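Below is one structure, written out as structure tokens, with a few remarks after it.
A short reminder: the numbers here are calculations on the coordinates, not readings from a lab. On a predicted model such as this, the values are computed, not experimentally measured, just so you know. Heads up, the Cβs are rebuilt from the backbone with ideal geometry, glycines too, and the neighbour counts pull from every protein chain shown.
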Amino acid sequence: MKVLIVGSGGREHAIAVSVAKSSQVDKIYCAPGNAGIAFVAECVDIAAMEFEKLADFAEEKQIDLTIVGMDDPLVGGIVDVFEERGLRVFGPRKNAAIIEGSKAFSKDLMKKYHIPTAAYENFTDADAALKYLETAPMPIVLKADGLALGKGVLICNTLQEAKDGVKTLMLDKQFGDAGNEIVIEEFMTGPEVSVLCYCDGTHIKPMTSAQDHKRAKDGDEGLNTGGMGTFSPSPFYTDEVKKFCEEKVYQPTMDAMKAERRDFVGILFVGLMLTKDGPKVLEYNARFGDPEAQVVLPRMKNDIIDVVNACIDGKLDEVDLQFEDNAAVCVVLASDGYPEHYEKGKVITGFENFDGKDGYYVFHAGTKKTEKGIVTNGGRVLGVTAKGANLKEARANAYEATKLISFENKYMRHDIGKAIDEV
Ligand code: AMP
Ligand code: GLY
């Protein structure tokens, strides 16, 4: 069969590598893809938001299955466009992807269906938000309602910071229309865990857990980024936490979406904070996490095509989802200066060191093929993933492997997965 993947990051590279492992697949295309994806798929120069062009391509090439990796096209309704044209596609429709597209929607959904989350209020009016803050406890969290590249969340320690935050989001519109509405939310503390789940509209099957590191610098200092590294599984995600989430979060979310006539088919990413009062939902995303996919997918034993087909056909209950009994760590190699100012176009060397190295992966995020070779082309450049018998071994393997890749300006965190020493 022929598969088209939509997206261009490390996550889509991880999806492509999983798809390439399936014996059912003869040909993979990726739009627009990147220099690393080009090793396993034919990259097609169509942007992820060009829905009609993508659908034309899928028709012309007789694509059997399209897998959408990115949030923007899902929230924008790519699945609806493909379905209207009779094309088989994996991901939530627009009316379900809103669970990621609008934080106000997802908070109201959780409130209505008693899914544990932080206390909150939604505001469309800046004056009302400012008035509410006067009597609110600090610290407090402000969230732009819409998509903001994971950067529309402000943790405010003082009333003044919170007032400035309302101005930034709602009046100065730093994140554009994403700030037309904001959520003001109780500040919580505790370890964070990401659980990605396959969903078929009725059934939901959680994958193995993972944890991201969002801050740019060691010790969780510095600015928020798209993610500097991940590990899987999370030792904080105990059997007890898992049982709680299965009963109180995952299935209730599926049932809630169904009750709202927004049946969710695709990947539901549940961001959890494990607070003293129990697990609470921080956020939902409507797709695989990046870089969570880079540690979760390499550990999955199933043929991804079987699982995706079961989701589309409403037969996920028939799938026995299995993960390897090991661990994986992904360290992101970034350009120094990310997420602010950084240079691109630096030649990357050392890829050949990974040839035939089992249990190791170099997932490309911001790279480009040029006459000089593969060069850096973004803030997050590569994700180096290594497996190990346990997290400590996987971490040692991943950091050892980062030494095999060189480029000017190479920057990484040195404490990915360090929290596991404290468990
Ligand atoms: P989100 O995009 O909603 O996941 O938020 C991004 C990050 O902000 C999360 O991964 C948390 O580290 C932090 N965050 C979000 N909401 C809260 C909250 N209510 N309390 C404390 N930290 C939060
Ligand atoms: N790693 C967080 C995300 O994909 O949103």
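Quick look at the values:
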| quantity | calculated |
| --- | --- |
| Dipole in debye (nearest 20) - region 4-145, about Cα centre, beta carbon charges: Lys, Arg +1; Asp, Glu -1 | 560 debye |
| Estimated 222 nm signal from helices in the chain, with DSSP H stretches of n ≥ 4 weighted -39500 (n - 2.57), rounded to 500 | -7000 deg cm²/dmol |
| Residue order, fewest to most beta carbons within 10 Å, for E340, E393 | E340, E393 |
| Cα coordinate range in the chain, projected on the principal axes (Å, largest first) | 60, 47, 42 |
| Relative contact order (percent, whole number), region 300-371, Cα cutoff 8 Å, 6+ residue spacing | 19 percent |
| Zone residues, region 131-159, relative to E221, backbone N less than 17 Å from point 7 Å out along Cα-to-Cβ | none |
| Evaluated at q = 0.21, 0.23, 0.29 Å⁻¹: base-10 log I(q)/I(0), Debye formula over Cα of region 281-325 | -0.86, -0.96, -1.08 |
| Cα centroid separation, region 385-423 to region 26-52 (Å) | 29 Å |
| Ascending count of other beta-carbon atoms within 10 Å, so fewest first, for S18, S102, S234, S23 | S23, S102, S18, S234 |
| Whole-Å semi-axes of region 51-159's equivalent ellipsoid (Cα gyration tensor) | 38, 14, 11 |
| When each of K151/K243; K357/K387; K143/K173; K112/K280 is checked by Cα-Cα distance, pairs over 21 Å | K151/K243 |
| Cα coordinate range in region 256-348, projected on the principal axes (Å, largest first) | 47, 35, 28 |
| Cβ-placed point charges (K, R +1; D, E -1), dipole of region 165-293 about Cα centre in debye, nearest 20 | 120 debye |
| Selection from V265, T275, M254, by position along the positive dipole direction of region 232-337 (Cβ) | T275 |
| Length-normalised contact order of the chain in % [C-alpha pairs under 8 Å, at least 6 apart] | 16 percent |
| Nearest-20 debye value, region 265-423 charge dipole, Cβ charges on Lys, Arg, Asp, Glu | 580 debye |
| Dipole of the chain, positive direction: furthest Cα of A14, N309, G350, with charges on the beta-carbon | G350 |
| Length-normalised contact order for region 1-89 - Cα pairs under 8 Å, 6+ apart - percent | 32 percent |
| Listed residues N390, M207, V89: farthest to the positive end of the dipole of the chain (Cβ charges) | N390 |
| For E324, E84, order by how many other beta-carbon atoms lie within 10 Å, fewest first | E84, E324 |
| Distance between region 344-377 and region 210-254 - C-alpha centres, whole angstrom | 28 Å |
| Highest-first arrangement of 404-410, 166-172, where packing means the average Cβ count within 10 Å | 166-172, 404-410 |
| Extent along principal axes [Cα atoms of region 8-105; Å; largest to smallest] | 40, 27, 25 |
| Under 12 Å, Cβ to Cβ, from Q24 - net charge with Lys/Arg +1 and Asp/Glu -1 | -1 |
